[in-house]
Amino acid sequence: IYNGIGAVAIGSAPGAALFFSVYEYLKEEINNNGDGDTNTNKFGLSPMWGHMIAASVGEAAACLVRVPTEVIKQNMQAAASIETAANSSNKPPTTLTLTETFRKILSQKSTVTNSTASRIFPPLQIFGGLYRGYGITLLREIPFAFIQFPIYEKMKSSWAVYQNIPQVNPVQAALCGSISGAIAAAATTPLDVIKTRIMIGVDGHGVPYSGAMDVARRTVAEEGSMALFKGVGPRVLWISLGGFVFFGAYEECRAVTMKTTTQWM
């Protein structure tokens, strides 16, 4: 069950750092209207829109790191399933190491020629199949961010107002992140199922998928509509638990950094 953990460990920190660097910068740029009014941003809209736009752009940037990580992880896990079946039928195992999986995916140049990622940034074609599923990942992550971050920011501000304090502490922020993440995770599970199958590239019979609509059509036709919600329970659980740790650590680091910066100024 830990196949692919190496890829996740390598990609998690850079992806998170890239996301929050973009998110925090854009959030301040959009929502700071210069007159101290916190009810509208510089475009005269609710700050919620600033959070949504900043989170969406941050996700697009973070996916440049996250997608290759996910592709390698999914392929290593798929190879493990094949190995289990091979062992049960006395066939040679097919497990690949992280390096071997990376090389295999890198050689799959034809898989990204017409991909969303390569159309946006053609040089990505040299990375072979590492950016397979970039488009569908964005279609999952952007709605996820649209749902999670406005809820997260609203929960934090409302809780701070309720306590009559400037801002919540890191533990309270972690709880806000956990709840908002759970809601977003449940709502975007179908997109996650489609994304996962696109990244693997083929169905259980080895027949290649031709795109997101093909995955959705074949999944519903062969397994029923509820198949799009496969894994919703574990997904909500691990994202809510992970969100608690992730946002708690982030807010603690942010608070320490701001305090240190203030002392040096």
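For segment 148-223, which whole-number percentage of the solvent-accessible area (1.4 Å probe, protein heavy atoms only) is attributable to carbon and sulfur atoms?
Answer for segment 148-223 is 64 percent, counting heavy atoms of protein chains only.
Please compute the length gained on full extension between L64 and W49, using 0.36 nm multiplied by the number of residues separating them and subtracting their Cα-Cα distance.
Additional length available on full extension: 3.1 nm.
Over 25 Å between Cα atoms: which of K156/K195; K27/K154; K104/K195 fall into that group?
Distance filter (> 25 Å) returns K156/K195.
The values are calculated or read from the model by the stated rules, or taken from the named source; none is laboratory data. These figures come from a predicted structure and were not determined experimentally. Note: accessible area is taken over every heavy atom of the protein model, side chains too, but ligands, DNA and RNA are not part of it. Shrake-Rupley method; radii C 1.70, N 1.55, O 1.52, S 1.80 Å.
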